[in-house]
Amino acid sequence: MTTGPSFPSDYGFYELQLVVLILFCVCTVVVQRYISSKTAGVPVTNGHDGPGWKLSTGETTGHRTLARKYLLVYAIVMGADWLQGPYVYSLYNEQYKFPERIVAILFITGFTSGGFTAPLVGVWADQYGRKRLCLVFCVTYTLACICTLFPSFLILLFGRAVAGLSTSILFSCFESWLMSCSSTLNLTEGELSKILGSATLINGFMATAAGVASNHLVASTHNFQTPFIASAGALVLAWFLINGLWSENFGSTGGETDLFQISRLKVAWKIVRKDLSLSVIVFTQTCFEGSMYLFVFLWVPSLQEVSPTSRPLPLGYIFASLMVAMMLGSLIYTAIVSYPPPGRDVDSSVTLHAKLSSLVCTVAAIVLLYSVTTADVRHRFWAFCIFEACVGMYYPVQGMLRSSIISDEHRATLSALSRVPLNVFVTVALLTGVSEARRLVFGGCAIVLFISAVTTALVIVRRAEMTTHLPPVLRD
């Protein structure tokens, strides 16, 4: 017999924090708009005959058209994903009454599925079309939502496996489609950076709205299933938009018939092995996104264990606050790449984004360590907010690094291939029994994030700075 949730009438602290974060976010946007209007058209150079970090201030027609097509679809698919975020754990543990170890197995199934399918998804996208794979995503993720409506372990297990496949498509094919279109349209680095920054900002808006909407859906229906039903409806809408608005693009067209594309996977793996910068990017993705996915599983029980009251936490509002913090991280990124400090030469695009990657990993490690040392629920909540702000900076930073270093021919394959170690990392961590070892898991994440920050600084930053200081005739 399943039971629905109950909610206290006063959410107090978390409602206030959400309002404060939203107000701060709105003020940041207004200030940035004002500064942008004052500095529009002012060129910036880096003093080394290379592009500075204020990459572009103008917009072409192609940029605006691509941004509209991509961001509209991106907003809907990410909103569908975030609608499920606050209540996955609660659906399995509180409504369906599965113990936490069984819940961990369900999560592991999703990550394992993502790990096995990630390289194949990238290859299929490059070979058979990114748009086609994005349409497949809408179908498979809708099926995964339908599976959550049945309190059967086997059906839920199948749904998690399908969700793992869907996640691999979501985090490789959509970005690859955008990158390929930007190359075809000859967009500048600044225009691409602006789309990626806007995507992260929109992602935060959709996540915030989804958190509040899911909270109200669950509160009004007393059923944790309703956000998943709403998510399925959004995915159906996304399918029609992708089918009607997007054109198809490919990685390469070699006429290969091998379904599993072993030869292309071997080529992609050789590329990663030979290029140390690519290896570092894969390592950073494994460390940061692995920590992020473990955080998705652990943030609810981590707050519950230090909550001073036995009443249910308003997970929708907490989730919305975390997502607003992610938006603030995106706004900070936009400010850094748009407005360089006066009175000094600015870095090249790769150097800047590598430095930001190292900084983001360092800050994320510090706040995760702090979260396991405090028993104050409010301090832990704010540590989690800062971690999400790091997430908001991470995605456009890594997107620009991948765009600068990975060629279009193998972009989706390499992006998906890099998710294999990521899913292995998360699966191994979940198998350790996170319910008894949350502090160790967060501590381990902090350690690997510190290592990632150091390797990025030593490899990518150093190489980029050496290239920047070479005479133009000696550069690649």
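The values are calculated or read from the model by the stated rules, or taken from the named source; none is laboratory data. Computed from a predicted model, the values in this text were never measured in an experiment. FYI the Cβ positions are ideal-geometry reconstructions off the backbone, even for glycines, and counts take in every protein chain you see. For accessibility, only protein heavy atoms count, side chains too; no ligands or nucleic acids. Shrake-Rupley method; radii C 1.70, N 1.55, O 1.52, S 1.80 Å.
Data overview
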{"read-out": "Check on Leu417, in contact with a Gly (Cβ under 7 Å, 6 or more places away or on another chain) and either at pLDDT below 85 or open to solvent by 50 Å² or more (accessible area, probe 1.4 Å) (or both)", "value": "yes"}
{"read-out": "Boolean, Leu149 is open to solvent by less than 40 Å² (accessible area, probe 1.4 Å), out of contact with any Leu (no Cβ under 7 Å at 6 or more places or on another chain) and either in contact (Cβ under 8 Å) with a residue 60 or more places away in the chain or not hydrophobic (A, V, I, L, M, F, W, C) (or both)", "value": "no"}
{"read-out": "Checklist (1) in a helix (DSSP H, G or I); (2) touching a residue at least 12 places away in the same chain (Cβ under 8 Å) applied to Phe158, failing item", "value": "(2)"}
{"read-out": "Any hit, the stretch 191-205, residues being within 22 Å of Ala144 (Cβ to Cβ), touching a helix residue (DSSP H, G or I) at 6+ places or on another chain (Cβ under 9 Å) and surrounded by fewer than 22 Cβ atoms within 10 Å (Cβ to Cβ)", "value": "no"}
{"read-out": "Per-region count, the stretch 346-381, residues in contact (Cβ under 8 Å) with a residue 60 or more places away in the chain and outside any loop (DSSP other than H, G, I, E, B)", "value": "23"}
{"read-out": "Top-ranked residue in the stretch 282-341 [being buried (at least 21 other Cβ atoms within 10 Å of the Cβ) and touching a Pro at 6+ places or on another chain (Cβ under 6 Å); ranked as farthest from Ala446 (Cα to Cα)]", "value": "Gly316"}
{"read-out": "First in the stretch 284-305 and farther than 23 Å from Met400 by Cβ and part of a helix (DSSP H, G or I), second anywhere and among the charged types (D, E, K, R) and open to solvent by less than 10 Å² (accessible area, probe 1.4 Å), Cβ under 9 Å, 6 or more apart", "value": "none"}
{"read-out": "Some residue of the stretch 189-198 being outside any helix (DSSP H, G or I) and of a type outside the set (S, T, N, Q)", "value": "no"}
{"read-out": "Some residue of the stretch 132-144 being out of contact with any Cys (no Cβ under 9 Å at 6 or more places or on another chain), buried (at least 18 other Cβ atoms within 10 Å of the Cβ) and modelled with pLDDT under 85", "value": "no"}
{"read-out": "Residue within the stretch 155-171 that is modelled with pLDDT under 85 and under 30 Å from Ile22 (Cβ atoms) present", "value": "yes"}
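Residue by residue, here is whether (1) open to solvent by less than 20 Å² (accessible area, probe 1.4 Å); (2) within 23 Å of the chain's Cα centre (by Cα); (3) modelled with pLDDT of 90 or more holds:
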site	(1), (2), (3)
Leu356	yes, yes, yes
Leu359	no, yes, yes
Ser371	yes, yes, yes
Ala375	no, no, no
Ala383	yes, yes, yes
